[in-house]
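Report on the following structure.
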Amino acid sequence: MNPHHPGDVAHDAPAAQLEREAELHVSSLEETVEWLRGLVCAGDGVDEAVGRVLDVGCGPGVGTCLLARAFPRAEVVAVDRDPAVLERVRPRAARRHLASRVTVRQAELPGGFEELGTADVIWAGHVVHHLGDQQAALDALASRLRRGGLLAVAERGLPPRFLPRDIGMGRPGLQARLEAADEDWFTAMRGELPGASATVEDWPAMLARAGLIPTGTRTFLTDLPTPLGLPAREHLHGYLTRLRDRAGDRLDAEDRAVLERLVDGDACTGILWRPDAFYLSATTVHTARACSRD
């Protein structure tokens with residue numbers, strides 16, 4: 001969801017970071033898509049039941065390609081506001097022999113919801129919280145569902161864990177304080193969104209208010225133990241750097257100094273080199289079906 005400037009040499013870096021992060025979660029994404037496939041087909045007729053899929057907030061298309069593989073007769077539309085990430089979708093689909101069924105659509109949300117057309121399955125991964133009125137966003141997504149269609153919304157879950165309680169620098173429990181600072185930043189960010197509206201984030205209830213029938217919630221884990229590979233370390237380095245930039249002023253001086261040491265790419269205490277680094281995250285997915293109408 002970050003803006004980029006055409007022609008900027010570094011403009012593609014955030015898109016590459018998003019792709020690297022998504023690839024860390026491929027295993028859990030595969031589990032998620034298989035679960036959605038089961039909800040849609042209930043054992044029979046999935047190929048015929050799903051003719052069009054929307055991947056809203058698709059990023060670089062990792063999930064888009066998994067959806068295209070799971071629903072082999074569907075047109076899968078990758079939707080995002082960021083042209084830099086959309087540029088990665090087509091070549092990724094082509095490498096997986098899915099290009100004939102994967103298309104891309106640049107859209108500003110929530111204003112662009114009406115232009116997306118309807119679909120049998122809509123996947124909205126970590127996109128609703130970027131919109132000020134989350135209930136209105138779910139209402140708009142629900143309106144795009146065809147009769148009996150399925151909406152799946154991935155939101156929040158649990159923050160990633162990647163460090164032990166005592167890392168040998170500063171006070172123990174740094175990660176909990178980083179999460180608290182980031183949560184404060186998140187709350188402030190949401191308050192500044194256009195049309196921001198506070199709501200109790202009971203996602204099944206919100207889906208029901210959108211006129212849908214909740215069909216289940218599941219949480220999917222990504223568990224990468226030590227020794228952690230370089231792609232995960234690079235992702236964590238980027239994650240901590242962004243956290244420092246957006247929420248570092250919410251930390252005390254000691255924690256800020258420790259955070260600087262963690263993002264120091266040359267220090268043995270940094271996240272790129274620490275032998276105790278791991279990666280554990282949980283993504284929660286809420287699903288609901290459109291009522292069948294005569």
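The values are calculated or read from the model by the stated rules, or taken from the named source; none is laboratory data. Keep in mind that this is a model prediction, so the values were computed, not measured. A quick note on method: Cβ atoms are made from the backbone with ideal geometry, for glycine too, and the neighbour counts reach across all protein chains shown. Each accessible area value is taken on the protein alone, full model and side chains, heavy atoms only, with ligands, DNA and RNA left out. Shrake-Rupley method; radii C 1.70, N 1.55, O 1.52, S 1.80 Å.
Just a few scattered comments:
- Gain on full extension, evaluated as 0.36 nm per residue between residue 213 and residue 276 minus their Cα-Cα distance, stands at 18.3 nm.
- Quotient of Cα Rg and 2.2 N^0.38 Å for segment 12-157, N being how many residues it contains: 0.97
- Only helices enter this figure: runs of n ≥ 4 DSSP H residues, each worth -39500 (n - 2.57), summed and divided by the residues of the chain, yield -11500 deg cm²/dmol at 222 nm to the nearest 500.
- q = 0.08, 0.13, 0.17 Å⁻¹: log10 I(q)/I(0) that the Debye formula gives for the chain, counting C-alpha atoms only: -0.37, -0.96, -1.49
- Pairs of Cα atoms nearer than 8 Å and 6+ residues apart set the relative contact order; for the chain it is 19 percent.
- Other residues whose C-beta falls under 13 angstrom from the C-beta of residue 89 contribute a net charge of +2, scoring Lys and Arg +1 and Asp and Glu -1.
- Just the protein heavy atoms count here, and of the accessible area of segment 44-126 at 1.4 Å, carbon and sulfur take up 47 percent.
- Rounded to the nearest 10 degrees, the inclination of helix 174-191 to the longest alpha-carbon principal axis of the chain is 50 degrees.
- Computed about the Cα centre, the dipole magnitude for the chain is approximately 660 debye when only Lys and Arg (+1) and Asp and Glu (-1) carry charge, each at its Cβ.
- Span from the segment 119-185 Cα centroid across to the segment 187-256 one, whole angstrom: 4
- Degrees between helix 230-247 axis and first principal axis of the chain (Cα, 0 to 90, nearest 10): 80
- Carbon plus sulfur fraction of accessible area for segment 183-274, probe 1.4 Å, in percent: 55
- Degrees between helix 253-262 axis and first principal axis of the chain (Cα, 0 to 90, nearest 10): 70
- Net charge contributed by nearby residues that have their C-beta within less than 12 Å of residue 135 (K/R +1, D/E -1): -3
- Whole-number accessible area per residue in Å² for segment 140-202, which is evaluated in the context of all protein chains at 1.4 Å: 49
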